[in-house]
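For reference, the structure is listed below as structure tokens.
The values are calculated or read from the model by the stated rules, or taken from the named source; none is laboratory data. Since this is a predicted model, take the numbers as computed values, not measurements. No Cβ is skipped: glycine too gets one built from the backbone with ideal geometry, and neighbour counts run over all protein chains shown.
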Amino acid sequence: MIKSIPDGVWPVMLTPYTEDDKIDYDGILEMLEWYAAGNVSGIFAVCQSSEMFFLSREERLELASFIMKNKPEGLGIIASGHVAPTLEEQIDEALAIIDTGVDSYVFITNQFAGQDESEDTAKKRIEALLEGIEADSFGIYECPHPYKRLMSPKLLSWCAQTGKFSFLKDTCCSLPELKAKLQAVEGTPLKIFNANAATLLESLKMGAAGYSGIMANFHADLYSWLCSNFEKDPKKASILQDLLGFASTIECQMYPVNAKYHMELDGLNINLFSRMQDFTKFTPNRQMEIEQMRRSVNLMRSQIGIWN
């Protein structure tokens, strides 16, 4: 039986670093507890937000293994690391990460084919990967780096019909496209998780399983509340969606450094170091923007009665 991925929120986990540019595993432990306190269903580890393109193969495997050994009880873990240049290397690393016990191994769509290659080529690569990797569950992530390759409803339907896929992190940011994908996987084990905050509420109404995106690294509990209560309390859900959509514009401002700063404000003992961004460019005015957003979010929690 394929492993089922629970509905809800799956944050894209950050990677903290020590001052000498090593993975900060004490920080990882604090992050795991922070995510669990946000009532999330699980976390998406070794992903783009984890800076997987900037981690060595050994670091990616060590990170996945550490997270699995130290995850809070009841917290699901899915992971990628699908960045190797050759098919053989991709299969080898996937098998190693699967051996850590993750609930699902997540493929990156832009690794299926080059930017100028066809969807037929992508399908053949998917077939080769499935043939070479034995696992209970696979996921797909429409990662924007190094380029964004979106899954067409046709190809997504084919993947779903194999019975081997349980998760899609969708980054199309388009409700009509998302609706077509939801229709394409109807009746299959594949669930679609929206990465776009602005369209989240409407996508949940259409049948999306939840949220897997950047902003769960700022206020995961509010996304968890929305996914669990949008039908039971539509008035609060609508008010909350307006805030979440507007707040998500902060994604364009020094991520993931700004998310680490927000976690610092929440009491986590981590620093701002990143291999993706120069943290020294995180200027005082940008810090103030994060502080102001955080105060506005806390005010919203109080006013509409949503507390973690």
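Could we say that SER4 is surrounded by fewer than 23 Cβ atoms within 10 Å (Cβ to Cβ), at pLDDT below 95 and out of contact with any His (no Cβ under 6 Å at 6 or more places or on another chain) here? Yes; evaluated as a whole, the condition is true for this residue. Considering only residues in the range 73-103 that are farther than 19 Å from ILE2 by Cβ and among the aliphatic types (A, V, I, L, M), the one that is surrounded by the most Cβ atoms within 10 Å (Cβ to Cβ) turns out to be VAL83. Counting the residues of the range 165-179 that are within 16 Å of the chain's Cα centre (by Cα) and surrounded by fewer than 16 Cβ atoms within 10 Å (Cβ to Cβ) gives 1. Of all residues in the range 274-285, those being surrounded by 14 or more Cβ atoms within 10 Å (Cβ to Cβ) and in contact (Cβ under 8 Å) with a residue 40 or more places away in the chain number 2.
Yes/no per residue for (1) in contact with a Gly (Cβ under 9 Å, 6 or more places away or on another chain); (2) touching a residue at least 60 places away in the same chain (Cβ under 8 Å); (3) closer than 26 Å to ILE28 by Cβ; (4) not hydrophobic (A, V, I, L, M, F, W, C):
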{"residue": "ILE192", "(1), (2), (3), (4)": "yes, no, no, no"}
{"residue": "TYR223", "(1), (2), (3), (4)": "yes, yes, yes, yes"}
{"residue": "PHE230", "(1), (2), (3), (4)": "no, no, no, no"}
{"residue": "ASN269", "(1), (2), (3), (4)": "yes, yes, yes, yes"}
{"residue": "LEU272", "(1), (2), (3), (4)": "no, no, yes, no"}
{"residue": "GLU289", "(1), (2), (3), (4)": "no, no, no, yes"}
{"residue": "MET293", "(1), (2), (3), (4)": "no, yes, yes, no"}
{"residue": "MET300", "(1), (2), (3), (4)": "no, yes, no, no"}
{"residue": "ILE306", "(1), (2), (3), (4)": "no, yes, no, no"}
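Just to be sure before I move on: is ALA113 under 18 Å from the mean Cα position of the chain (by Cα) and not charged (D, E, K, R) in the structure I sent? So ALA113 does not fit the description; no. In the range 151-164, is there at least one residue being buried (at least 23 other Cβ atoms within 10 Å of the Cβ), modelled with pLDDT of 95 or more, of a type in the set (Ser, Thr, Tyr) and under 27 Å from GLU202 (Cα atoms)? The answer is no, given that none of the residues of the range 151-164 is buried (at least 23 other Cβ atoms within 10 Å of the Cβ), modelled with pLDDT of 95 or more, of a type in the set (Ser, Thr, Tyr) and under 27 Å from GLU202 (Cα atoms).
For the range 125-148, check the following and say yes or no: at least one residue is more than 24 Å from ILE2 (Cβ to Cβ), part of a loop (DSSP other than H, G, I, E, B), touching a residue at least 12 places away in the same chain (Cβ under 8 Å) and touching a Lys or Arg at 6+ places or on another chain (Cβ under 8 Å). No: zero hits.
In this structure, is ARG295 of a type in the set (Lys, Arg), over 19 Å from LEU32 (Cβ atoms), modelled with pLDDT of 95 or more and surrounded by fewer than 19 Cβ atoms within 10 Å (Cβ to Cβ)? Working first, answer last.
Numbers: of a type in the set (Lys, Arg): yes; over 19 Å from LEU32 (Cβ atoms): yes; modelled with pLDDT of 95 or more: yes; surrounded by fewer than 19 Cβ atoms within 10 Å (Cβ to Cβ): yes.
Yes, satisfied.
For the range 131-150, the candidate set comprises residues that are among the acidic types (Asp, Glu) and within 15 Å of PHE167 (Cβ to Cβ); within that set, the residue that is surrounded by the most Cβ atoms within 10 Å (Cβ to Cβ) is GLU142.
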